[in-house]
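First up is the structure itself, then whatever we jot down about it.
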Protein chains: 2
Amino acid sequence: MTTKSREIRLAARPHGEPKPQDFALAQVELEEPAAGEVLVKNLCFSVDPYMRGRMNEGKSYVPPFVIGAALEGAAVGRVAASNQSALPVGALVCSTFGWREAFVAPAATLRVLDPTLAPPSAFLGLFGVTGLTAWVGLWKVARLLPAETVFVSGGAGAVGSAVCQLARLRGSKVIASAGSDAKVVMLRDQFGADYAFNYNDGDPLQHLHEAAPEGIDVYFDNTAGPQLEAALSALKPRGRIAMCGAIAGYNTPIAGPRNLAIVIGKRLRIEGFIVSDHIGDFPEFFAEVGPALKSGKLQSHETVIEGIENAPAAFSSLLRSGDSHTGKMVIHLS
Amino acid sequence: MTTKSREIRLAARPHGEPKPQDFALAQVELEEPAAGEVLVKNLCFSVDPYMRGRMNEGKSYVPPFVIGAALEGAAVGRVAASNQSALPVGALVCSTFGWREAFVAPAATLRVLDPTLAPPSAFLGLFGVTGLTAWVGLWKVARLLPAETVFVSGGAGAVGSAVCQLARLRGSKVIASAGSDAKVVMLRDQFGADYAFNYNDGDPLQHLHEAAPEGIDVYFDNTAGPQLEAALSALKPRGRIAMCGAIAGYNTPIAGPRNLAIVIGKRLRIEGFIVSDHIGDFPEFFAEVGPALKSGKLQSHETVIEGIENAPAAFSSLLRSGDSHTGKMVIHLS
């Protein structure tokens with residue numbers, strides 16, 4: 001007996017902003033799981049800005065997506081058939097097989113989730129790799145201290161909203177930016193930012209001076225571009241930049257910061273990181289984030305889009321400044 | 001009895017390349033040293049690229065030079081009259097009073113030098129703050145390992161030639177650039193570079209690929225500009241950049257590196273430093289560099305200019321790419 005599953009494939013490498021014809025919806029027939037394998041029906045998967053880089057040709061820290069193959073990424077689903085006794089039908093699992101309704105894979109490639117800790121989609125967001133990204137960037141890379149001030153760009157996005165909340169949870173002052181006035185309201189009212197601004201409205205450096213006249217200690221960079229340049233100017237001596245993303249340059253090349261030499265006189269440290277190097281920090285992360293999520297001190301913010309056929313448009317909107325999505329962009333499958 | 005001394009003052013803040021009229025030669029009469037003071041007659045002083053930044057208005061990590069006052073910087077001289085028994089006539093001392101033939105100052109503001117260790121001018125170069133700058137950048141900031149490869153821009157300059165030699169001394173592979181073919185020959189024949197290139201001749205990234213097809217581990221940045229961009233591309237994963245200088249942008253603004261986002265995927269670390277934060281490392285530095293200097297394994301390279309009246313032109317030439325100076329630019333006073 002086979003199972004039908006639909007999946008989204010990369011049809012062509014996008015030039016600039018991804019277009020509908022760069023993607024293709026296809027249907028496949030899945031065989032029954034062989035020994036050690038399970039059949040998983042996905043409940044949801046996420047679309048993320050970093051995937052834009054994998055759509056290009058050429059070497060990066062992860063291999064490029066293959067044209068004609070389904071797009072990969074984090075997904076949460078339930079085991080629907082099992083040929084591995086340790087992973088029974090009904091178990092909640094996280095995979096990296098991405099944009100598909102169902103798949104068959106060795107049980108050993110899946111991470112088993114505890115469904116009592118959080119709703120399934122939260123394991124894609126604040127309680128998953130997204131939250132860990134924020135946590136690692138803040139505490140392990142930038143080494144933000146409770147008495148310090150952090151500025152995060154893309155503050156209303158998946159990682160950004162986690163940065164705001166986690167920094168606030170430990171007592172830091174949080175400045176956050178987003179690309180629309182509606183998101184600025186959310187940053188203040190829901191994500192806990194002490195000061196929020198629309199980076200399309202006025203000079204980012206003026207906003208930073210107003211928010212923190214004494215300067216900032218840490219910049220959590222999700223965007224690069226003009227906000228990085230402003231942050232370099234606003235950082236105090238011995239400030240740190242955790243470079244997590246550069247969304248301003250994903251579709252089109254951008255200029256580098258003209259004031260980079262400031263790094264010398266202010267003894268700044270700029271450090272890039274990739275969350276997959278830090279998967280070993282999950283236990284420490286869960287210990288802090290789990291109780292705060294259960295008590296309601298932290299919330300996993302999501303924009304939910306229904307149906308796999310709508311994933312390409314949801315992905316493209318992620319990369320557009322000022323679009324209305326906030327938090328993690330989750331594709332829900334019914 | 002007074003002593004005559006000539007000094008070079010800042011007459012005007014330079015715009016772009018410093019011009020002769022931005023400087024003024026003046027003569028002063030020095031009083032006899034008061035209690036605790038000494039009169040020092042300088043043997044030599046240095047002119048350094050970082051001084052260009054202090055000629056501008058505005059806050060930096062050191063205060064700007066004052067218009068109408070003598071320029072400051074490192075100088076080595078002998079005590080000619082003493083009103084402090086602990087510092088007798090004849091003692092060799094290092095000061096930060098700069099571009100003057102003689103001065104009177106409290107003995108406590110001077111660093112006493114051991115004349116048996118090296119010739120006086122070497123305390124301005126490899127055996128002084130210049131050498132310490134290279135040493136700190138390599139070992140404390142970039143944490144270069146003996147089996148690794150380092151690229152240094154401005155390799156024929158004061159700090160650059162020290163970087164080449166110190167890295168080679170511990171066994172690292174050294175790639176160095178300079179602005180003329182004559183300097184490239186010196187880099188290979190005298191400063192110990194394994195591979196040297198003229199950055200005005202061809203694409204720096206092509207040179208780096210040829211010198212180290214497997215990539216570089218550390219970039220010691222004295223220039224910023226296109227060489228920084230090339231280094232970002234050539235760095236291996238987990239590579240480090242010690243940002244020490246940005247001479248390409250001292251006279252005129254330059255563009256930032258367009259490929260800075262590479263820092264994320266390659267997990268690079270960029271860190272700026274100022275040697276004055278690391279004066280406490282002098283004993284450890286002397287312990288390594290002293291014996292190597294005595295045995296001839298290290299050499300303090302200098303371009304010596306005779307006479308204080310020639311200091312402004314010597315300084316301006318420092319900032320010109322392709323000029324003929326190499327090593328430390330020392331003004332000798334007779």
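None of the figures in this text is laboratory data; all of them are computed from the coordinates on show. For clarity, every value in this text was computed on a predicted model and none was experimentally measured. Neighbour counts are summed over all protein chains in view; Cβ atoms, including those assigned to glycine, are modelled from backbone coordinates with ideal geometry.
In table form, for the structure just shown:
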{"read-out": "Neighbourhood charge, 13 Å Cβ-Cβ cut-off, centred on B:His209 and excluding it, Lys, Arg +1 and Asp, Glu -1", "value": "-2"}
{"read-out": "The stretch A:172-216 versus the stretch A:137-167: alpha-carbon centroid distance in Å", "value": "13 Å"}
{"read-out": "Projected area, mean over directions - the stretch B:37-162, Cα convex hull, nm²", "value": "9.5 nm²"}
{"read-out": "Shielding by other protein chains, A:251-261, mean Cβ within 10 Å", "value": "6"}
{"read-out": "In order through the stretch A:115-127: 3J(HN,Hα) via Karplus (6.51 cos²θ - 1.76 cosθ + 1.60), integer Hz, x for Gly, Pro", "value": "x, 7, 7, 6, x, x, 5, 5, 6, 8, x, 4, 9"}
{"read-out": "The stretch B:167-243: GluC sites (Glu not before Pro) in DSSP loop, at most 14 other beta carbons within 10 Å", "value": "B:Glu214"}
{"read-out": "Peptide A:114-126 - average C-beta neighbours from other chains (10 Å radius)", "value": "0"}
{"read-out": "Chain B: most fluctuating residue of B:Leu117, B:Leu228, B:Leu144 per GNM, C-alpha cutoff 10 Å", "value": "B:Leu117"}
{"read-out": "Evaluated at q = 0.10 Å⁻¹: base-10 log I(q)/I(0), Debye formula over Cα of the protein assembly as shown", "value": "-0.95"}
{"read-out": "Helical mean residue ellipticity (222 nm; -39500 (n - 2.57) per DSSP H run of 4+; nearest 500) of chain A", "value": "-6000 deg cm²/dmol"}
{"read-out": "Kirkwood hydrodynamic radius over Cα pairs of the stretch A:224-275, then Stokes diffusion coefficient at 4 °C and 1.567 mPa s, in µm²/s", "value": "112 µm²/s"}
{"read-out": "Spacing of the two label points (7 Å from each Cα toward its C-beta) at B:Glu309 and B:Thr109, in nm", "value": "2.8 nm"}
{"read-out": "Volume per residue of the C-alpha convex hull in chain B, rounded to whole Å³", "value": "129 Å³"}
{"read-out": "The stretch B:133-222: antiparallel DSSP beta bridges as a percent of all, rounded to 5", "value": "0 percent"}
{"read-out": "Part-to-part distance (alpha-carbon centres) for the stretch A:256-334 and the stretch A:70-85, which is given in Å", "value": "23 Å"}
{"read-out": "Among beta bridges that DSSP assigns inside the protein assembly as shown, antiparallel share in %, nearest 5", "value": "55 percent"}
{"read-out": "Among B:Ala162, B:Ala86, B:Ala24, residue whose mean-square fluctuation peaks in a GNM of chain B (springs only between Cα atoms under 10 Å)", "value": "B:Ala86"}
{"read-out": "Surrounding net charge for B:Ala69, when Lys and Arg each add one and Asp and Glu each subtract one, Cβ distance under 12 Å", "value": "+1"}
{"read-out": "Long-range HN-HN contacts of A:Thr303 with modeled amide H, under 5 Å", "value": "A:Thr326, A:Lys328, A:Met329, A:Val330"}
{"read-out": "GNM result for chain A, Cα springs below 10 Å: residue of A:Val76, A:Val163, A:Val141 fluctuating most strongly", "value": "A:Val141"}
{"read-out": "Neighbourhood charge, 14 Å Cβ-Cβ cut-off, centred on B:Ser334 and excluding it, Lys, Arg +1 and Asp, Glu -1", "value": "0"}
{"read-out": "Residue order, fewest to most beta carbons within 10 Å, for A:Ser233, B:Ser334", "value": "B:Ser334, A:Ser233"}
{"read-out": "Trypsin sites (Lys or Arg not before Pro) within the stretch A:262-334: DSSP coil, no more than 15 neighbouring Cβ in 10 Å", "value": "A:Lys297, A:Arg320"}
{"read-out": "For A:Val152, residues with placed amide H under 5 Å, excluding near neighbours", "value": "A:Ile175, A:Ala176, A:Ser177, A:Phe220"}
{"read-out": "Whole-number D in µm² s⁻¹ for the stretch B:129-276, Kirkwood Cα-pair radius fed into Stokes-Einstein, 25 °C, 0.890 mPa s", "value": "167 µm²/s"}
{"read-out": "Antiparallel bridges, percent of DSSP beta bridges restricted to chain A (to nearest 5)", "value": "55 percent"}
